[in-house]
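Data first, discussion second: the structure below is written as structure tokens.
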Amino acid sequence: MGNFGIAGVDWQQRINWDRLRKYRLERARERMKAHNLGALLLMYDENVRYVTSTLTPGWNRLKPGLRYALLCGDGAPVLFEQGDIGFQIQRHAPWIPEQNIRYSYAWIKGAAGPASKQQVEKFTNAILKEMDRYQVADQTLGVDFIDINMLSTFGEKKIKWADGMTPMMEARAIKNVDEQECLRIVGAIGDAAHWETMRYLRPGLTENQVTAHIMEYLYSVPGMEDVEDVIVSSGPNTWPNWRNFSDRIIKPGEIVFMDLAALTWNGYKSCYYRTYCVGKEPTQEMKDYYATALKWLYDSIHAVRVGATTRDIALKWPSAKEAWGYEEEDQAAANLWGHGLGLAQYDQPVISRIWSLDHPLEIRSGMVFALETQHGKKYEWGVRIEEMLIVHDDKIEIISNFPVEQITVVM
């Protein structure tokens with residue numbers, strides 16, 4: 001496929017949503033069984049979305065326990081949705097049996113106070129009832145999130161539980177053709193957003209005005225669910241990279257970079273930096289620093305291939321000591337960086353000299369991830385660039401296509 005369009009039509013095969021839903025569910029089930037788990041209790045929204053293909057309100061997504069899903073053996077997923085939103089899910093998601101859509105028992109990360117124990121008791125009993133219904137009650141439960149209240153009740157009820165996040169990370173790492181097409185569309189939307197940034201940027205605007213404009217632009221795109229962050233940093237905010245925006249006024253000749261972190265189209269997320277110079281040509285020193293960051297980026301991209309490892313990629317980058325005089329790699333976390341993209345902004349693989357040199361992961365066909373590099377002069381200016389790519393058996397497909405060869409000058 002190749003970014004055919006974002007609407008469903010009868011005259012062309014585009015994203016096959018039914019195939020996508022089935023692929024994700026069975027991939028999660030496959031990895032669950034590979035880890036000898038009888039069931040998966042999923043509380044992080046990206047995992048609930050992956051298994052159930054359901055959408056919940058934005059305020060519901062970052063609070064594990066407001067909604068959750070359970071996958072038992074070979075059964076259909078059971079969704080515990082917040083309050084009576086489940087009635088809407090019954091209308092929206094006919095692929096989940098109606099009897100498998102329930103209401104959740106929430107304690108809101110402990111905000112329920114002394115009632116938390118009562119709520120976790122109800123939560124746990126409901127999970128055990130479903131495991132018994134699917135005849136996996138004697139098997140190990142994989143859990144992607146756990147808190148102090150759950151630990152206590154799980155111990156009292158002698159539940160055998162284990163890591164459920166690792167199998168979900170493994171499942172989500174490999175995208176099928178439909179997920180890849182979703183991410184091509186995400187890339188195309190990102191291209192358009194950077195073009196709009198180039199058109200809109202000018203001296204005198206504040207960072208937050210640019211962020212607001214691009215937010216408005218993105219939310220006009222059909223299928224846009226969420227824009228987690230539009231990072232717009234200028235001048236001294238670009239190095240060290242503040243990774244934020246403020247009311248700072250952009251001055252002529254300043255470096256500005258914008259990162260789409262993350263626009264979310266039908267669940268799938270971006271991460272996509274480009275660097276601009278506003279009102280004047282960049283200095284030769286700025287161009288030289290940018291050329292260095294671009295070399296780091298493309299040296300790492302050229303190391304990506306099926307069968308290579310994250311170590312091979314990370315070795316293309318200088319150490320934090322070599323690049324910026326830092327004593328530890330952790331101080332440069334996310335400066336020279338790679339991370340998987342999907343329903344979360346951090347799927348596998350996550351690539352860094354912090355861990356990839358000693359704990360490499362193999363690059364596999366179907367992985368989709370971003371690679372990003374940056375460089376700069378402290379409290380003066382910095383540059384940052386990023387590419388998103390899909391790994392195929394025989395090639396690497398770059399899905400971020402706004403020009404990257406040099407700093408984009410905006411006059």
Test set (1) aliphatic (A, V, I, L, M); (2) touching a helix residue (DSSP H, G or I) at 6+ places or on another chain (Cβ under 8 Å); (3) farther than 30 Å from E254 by Cβ; (4) modelled with pLDDT of 95 or more - I185 fails condition number: (2)
Meets criteria (among the aromatic types (F, W, Y) and either in a strand (DSSP E or B) or farther than 29 Å from T206 by Cβ (or both)) for Y290: no
Inter-residue pairs, beta-carbon under 8 Å, first among the basic types (K, R) and in region 188-212, second not in a helix (DSSP H, G or I), 6+ apart: R202/I250; R202/V278; R202/G279; R202/V410
Single residue of region 359-377 satisfying the filter (open to solvent by 10 Å² or more (accessible area, probe 1.4 Å) and charged (D, E, K, R)) that is nearest to S233 (Cα to Cα): K377
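If I filter region 258-268 for residues that are of a type in the set (D, E), in contact (Cβ under 8 Å) with a residue 24 or more places away in the chain and closer than 26 Å to R199 by Cβ, do I get at least one hit?
Among the residues of region 258-268, at least one is of a type in the set (D, E), in contact (Cβ under 8 Å) with a residue 24 or more places away in the chain and closer than 26 Å to R199 by Cβ, which makes the answer yes.
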Residue in region 212-230 that is of a type in the set (S, T, N, Q) and open to solvent by less than 40 Å² (accessible area, probe 1.4 Å) present: no
Residue match in region 188-203 (condition: β-branched (V, I, T), under 30 Å from R21 (Cβ atoms) and touching a helix residue (DSSP H, G or I) at 6+ places or on another chain (Cβ under 8 Å)): yes
One residue from G190, G235 being on the phi > 0 side of the Ramachandran plot and open to solvent by less than 40 Å² (accessible area, probe 1.4 Å): G235
Members of region 291-314 found to be over 16 Å from Q374 (Cα atoms), surrounded by fewer than 17 Cβ atoms within 10 Å (Cβ to Cβ) and hydrophobic (A, V, I, L, M, F, W, C), listed by number: V306, A308
Matching option when the condition is touching a residue at least 24 places away in the same chain (Cβ under 8 Å), open to solvent by 10 Å² or more (accessible area, probe 1.4 Å), out of contact with any Lys or Arg (no Cβ under 9 Å at 6 or more places or on another chain) and assigned to a loop (DSSP other than H, G, I, E, B), among I6, I15: I15
Subset tally (residues that are crowded, with 19+ Cβ neighbours inside 10 Å and farther than 18 Å from V186 by Cβ) for region 24-52: 18
Some residue of region 56-77 being in a helix (DSSP H, G or I), under 25 Å from G223 (Cα atoms), at pLDDT 95 or above and within 18 Å of the chain's Cα centre (by Cα): no
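The values are calculated or read from the model by the stated rules, or taken from the named source; none is laboratory data. Treat the numbers as computed from the prediction; the structure is a model and nothing was measured. Glycine gets a Cβ as well: all are built from the backbone with ideal geometry, and neighbour counts include every protein chain shown. Heavy atoms of the whole protein, side chains included, go into the accessibility calculation; ligands, DNA and RNA do not. Shrake-Rupley method; radii C 1.70, N 1.55, O 1.52, S 1.80 Å.
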